[in-house]
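Heads up, the thing below is written out as structure tokens.
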Amino acid sequence: MLVCQLKFMNRKKKNKILIVEDDRFLTKLLSLRLERNGFEVEASFDGEEALEKIKKQSPDLIVLDLILPKKDGFEVLEELKKINKGKKIPVLILSNLGQDLDVERGLKLGAVGYIVKTEIPLSQVIEKIKSYFK
């Protein structure tokens, strides 16, 4: 009898990012760029779906839009606090909402960063995401 064992000791674990964004084009762009940079990427297109994925998969970082169907990003942040796994996952908000009150609210609800989509090129968004893993 021949027994074969595979060793994966040298395989580096990819950091998993969950993108929560209802704009499918932007999601695809972000996903492709992040995958090229060595990340594993999942996507959710509404707040409810995102919370279900978080309960099952525990991403290493969440990139969260605020304007979403079913549950908005603020609701997702509030619900994350109720999920044991969710309490420890860093959340980077990527939204078109740029009012000071929105930024302040997102950060108070636990986001580690806030980016206004229209104010920063995609390449800088990728660099910001990468910085959380250094």
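The values are calculated or read from the model by the stated rules, or taken from the named source; none is laboratory data. Please read all numbers here as calculations on a predicted model, not as lab measurements. Glycine gets a Cβ as well: all are built from the backbone with ideal geometry, and neighbour counts include every protein chain shown. Heads up: the accessible areas ignore ligands, DNA and RNA and are worked out on the full protein's heavy atoms, side chains in. Shrake-Rupley method; radii C 1.70, N 1.55, O 1.52, S 1.80 Å.
So, in segment 50-91, of the ones that are in contact with a strand residue (DSSP E or B) (Cβ under 6 Å, 6 or more places away or on another chain) and among the charged types (D, E, K, R), which residue ends up farthest from S131 (Cα to Cα)?
Filtering segment 50-91 for residues that are in contact with a strand residue (DSSP E or B) (Cβ under 6 Å, 6 or more places away or on another chain) and among the charged types (D, E, K, R), the one farthest from S131 (Cα to Cα) comes out as K53.
Provide a single number: the residues in segment 75-94 that are in a strand (DSSP E or B) and over 12 Å from the mean Cα position of the chain (by Cα). Full working, then the answer.
Step one: list which residues in segment 75-94 are in a strand (DSSP E or B), which gives 91-94.
Now drop any that are not over 12 Å from the mean Cα position of the chain (by Cα), which leaves none.
Residues flagged as in a strand (DSSP E or B) and over 12 Å from the mean Cα position of the chain (by Cα) within segment 75-94 amount to 0.
Output the number of the condition that D22 fails; it satisfies all remaining conditions of (1) open to solvent by 10 Å² or more (accessible area, probe 1.4 Å); (2) not in a loop (DSSP other than H, G, I, E, B).
Among (1) open to solvent by 10 Å² or more (accessible area, probe 1.4 Å); (2) not in a loop (DSSP other than H, G, I, E, B), D22 violates only (2).
How many of the residues in segment 104-129 are part of a helix (DSSP H, G or I) and either open to solvent by less than 40 Å² (accessible area, probe 1.4 Å) or farther than 23 Å from E79 by Cα (or both)?
First, pick out the residues of segment 104-129 that are part of a helix (DSSP H, G or I): 104-108, 117-119, 122-129.
Pick out the ones that are also either open to solvent by less than 40 Å² (accessible area, probe 1.4 Å) or farther than 23 Å from E79 by Cα (or both) and you get 106, 117-119, 122-129.
Qualifying residue count for the region: 12.
What single numbered condition from (1) modelled with pLDDT of 95 or more; (2) in contact with a helix residue (DSSP H, G or I) (Cβ under 9 Å, 6 or more places away or on another chain) fails to hold for K28?
(2)
Only one of I89, I67 is β-branched (V, I, T), open to solvent by 50 Å² or more (accessible area, probe 1.4 Å) and touching a Ser or Thr at 6+ places or on another chain (Cβ under 8 Å); which?
Matching residue, one of I89, I67: I67.
Could you pull out the residue among D65, D102, D72 that is modelled with pLDDT of 95 or more, of a type in the set (D, E) and under 12 Å from the mean Cα position of the chain (by Cα)? Reasoning before the result, please.
Numbers: D102 fails: under 12 Å from the mean Cα position of the chain (by Cα); D72 fails: under 12 Å from the mean Cα position of the chain (by Cα).
The match here is D65.
For segment 9-33, give me the residue count where each residue is under 11 Å from the mean Cα position of the chain (by Cα) and within 18 Å of I115 (Cα to Cα).
Looking only at that region, the number is 8.
In the set I54, I129, I115, which member is under 13 Å from the mean Cα position of the chain (by Cα) and in contact (Cβ under 8 Å) with a residue 60 or more places away in the chain?
Working: I54 fails: in contact (Cβ under 8 Å) with a residue 60 or more places away in the chain; I115 fails: in contact (Cβ under 8 Å) with a residue 60 or more places away in the chain.
Residue meeting the stated conditions: I129.
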